[in-house]
1. Do we have Tyr2 as under 21 Å from the mean Cα position of the chain (by Cα) and modelled with pLDDT of 95 or more here?
2. With respect to Ile107, is the statement that it is open to solvent by less than 20 Å² (accessible area, probe 1.4 Å) and more than 16 Å from Ser141 (Cβ to Cβ) true?
3. In this structure, is Lys75 over 23 Å from Met183 (Cβ atoms) and either assigned to a helix (DSSP H, G or I) or of a type outside the set (A, V, I, L, M) (or both)?
4. Which of the residues that make up region 149-183 are free of Cβ contacts under 8 Å to residues at least 12 places away in the same chain, in a helix (DSSP H, G or I) and either open to solvent by 60 Å² or more (accessible area, probe 1.4 Å) or in contact with a Phe, Trp or Tyr (Cβ under 8 Å, 6 or more places away or on another chain) (or both)?
5. Return the residue satisfying two criteria in turn: it lies in region 79-100 and is closer than 18 Å to Leu149 by Cα and in contact with a Lys or Arg (Cβ under 8 Å, 6 or more places away or on another chain), and of such residues it is most open to solvent (accessible area, probe 1.4 Å).
6. On the basis of being in a helix (DSSP H, G or I) and closer than 28 Å to Ile154 by Cβ, does Gly109 make the cut?
7. Within region 36-76, track down each residue that is of a type in the set (D, E, K, R) and under 15 Å from Ser95 (Cβ atoms).
8. Could you please find all residues in region 40-65 being more than 17 Å from Thr191 (Cβ to Cβ) and of a type outside the set (Val, Ile, Thr)?
Amino acid sequence: MYEIDEKKASHPIFKNYLPIAEGIAKTVGSHCEVVLHDLTDISSSIVAIYNGHVTGREVGSPMTDLGVSILRSGKEDNLLLNYPNKSIKGKKIKSSSIIIRDDEGRIVGCLCINIDLTLLLMAESLLNEMTNVQEEKEEESFPHSVNELEKKMIDRAVEKIGKPIGLMEKNERMEFIRLLDEMGLFLIKGTIHNVAQLLNVSKYTIYNYLEKRP
């Protein structure tokens, strides 16, 4: 089972990765989701998805919060391997992400592999190596919409501040904005306006907070 955005998939770089994605999905089996992302369009990043039933996503779904953070940070590491995840329905998932760059070294995409461990964990004693994950890696989610992605990032920032938005002092609000910026939220169109409404300030106040960052 697969879906492909034919227009995006015609891009020379992504076109080369399609047979790789399909090969991995068909080799590992139906419990292995393989996703090709276009990171130049994070609001609708999925170029192709194989076995999308693993996370319930489809072509047109946005990038994950971890992917947005990677794009925002500009990390040089091209491989994120064997980190743990959970789907919206609570499935335990093992994930790996391979960053795709253009000829000038800019991040343009990502090939992600998500393996549903439900059946494998039932035979953990025989498949210990297959189910091993690196617990120190940051967990990501699988949003089905841009609004869901935005809410996930905001909730994470609120959790780190440790105080509801309405009770935050000025310095805590500035830290809240800094956290959202580091996560890459403001790479998504319209989010500065949305966050300004949450804080009951103007969007120019948000820009001012961002300019005051050290």
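The values are calculated or read from the model by the stated rules, or taken from the named source; none is laboratory data. Please read all numbers here as calculations on a predicted model, not as lab measurements. Reconstructed Cβ throughout: ideal geometry from the backbone, glycine too, with neighbour counts over all protein chains shown. These accessible areas exclude ligands, DNA and RNA; they are computed on the full protein's heavy atoms, side chains included. Shrake-Rupley method; radii C 1.70, N 1.55, O 1.52, S 1.80 Å.
1. no
2. In short, no.
3. no
4. Lys151, Asp155, Glu159, Gly166, Leu167, Lys170, Asn171
5. Per the stated criteria, the residue is Lys86.
6. Numbers: in a helix (DSSP H, G or I): no; closer than 28 Å to Ile154 by Cβ: yes.
No; evaluated as a whole, the condition is false for this residue.
7. Step one: list which residues in region 36-76 are of a type in the set (D, E, K, R), which gives 38, 41, 57-58, 65, 72, 75-76.
Within region 36-76, Arg57, Asp65 qualify.
8. Residues satisfying the conditions are Ala48, Tyr50, Asn51, Gly52, His53, Gly56, Arg57, Glu58, Gly60, Ser61.
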